[in-house]
Amino acid sequence: MTAPSPRRSGTLALGSLLAAFVGSPVMAGGIEDRRVRGWTIATQLCSQCHVIGRGSQAGEFSGPAFLRVANMPSTTGPALAVFLQSHHERMPSLRPDRDEMDAVIDYILSLKGP
Ligand code: HEC
């Protein structure tokens, strides 16, 4: 790997962290960047109630682990988008903006097994 420029190094460090989580190679740009962003948003908005990665996470969680969500047959991009934009009884309506939501959805879908 070539030495990252100072401006990119933050993202790259985060990328390596994500790679450790999802076990996939992280390429700069495009979908991988979006997943890294989605993961970052998930750590901020979702991780208090959901296990968001493949590893274990400390705490108590009221919602299902994202890994489990990702592997449910009913989980698709559009289904997640509808879920996140609608009102729920037990999960707060977070109403992330469109861009954040797409990033989080990409991240969740990236956990799907083969
Ligand atoms: C305050 C706690 C809380 C937070 C924060 C939270 N959730 Fe949830 N979430 C829940 C609970 C509880 C459920 C189960 C509720 C249900 O099935 O009605 C749930 C269910 C879900 C499901 C549905 C799984 C299924 O059965 O279809 C998805 C997807 C989901 N959450 C995504 C997210 C995302 C993405 C975020 C962050 C942007 C987030 N959640 C933040 C508590 C939370």
Taking the condition in a helix (DSSP H, G or I), exposed (fewer than 13 other Cβ atoms within 10 Å of the Cβ) and either in contact (Cβ under 8 Å) with a residue 12 or more places away in the chain or charged (D, E, K, R) (or both), does residue 106 pass?
no
Determine if region 24-34 includes at least one residue that is modelled with pLDDT under 90, surrounded by 13 or more Cβ atoms within 10 Å (Cβ to Cβ) and within 15 Å of the ligand (Cβ to nearest atom).
yes
Can you name the residue in region 60-85 that is surrounded by 10 or more Cβ atoms within 10 Å (Cβ to Cβ) and outside any helix (DSSP H, G or I) and, of all such residues, is nearest to the chain's Cα centre (by Cα)?
65
In the set 94, 80, 84, the lone residue that is modelled with pLDDT under 85, out of contact with any Ser or Thr (no Cβ under 7 Å at 6 or more places or on another chain) and within 8 Å of the ligand (Cβ to nearest atom) is 94
Look through region 35-51, keep the residues that are hydrophobic (A, V, I, L, M, F, W, C) and within 8 Å of the ligand (Cβ to nearest atom), and return whichever of them is farthest from residue 113 (Cα to Cα).
45
Considering only region 55-94, state which residues are touching a helix residue (DSSP H, G or I) at 6+ places or on another chain (Cβ under 7 Å) and under 11 Å from residue 108 (Cα atoms).
66, 69, 70, 75, 77, 80
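The values are calculated or read from the model by the stated rules, or taken from the named source; none is laboratory data. Every value quoted in this text rests on a predicted model; they were computed, and no experiment measured them. Using ideal geometry, Cβ is built from the backbone for each residue, glycine included, and neighbour counts are taken over all protein chains shown.
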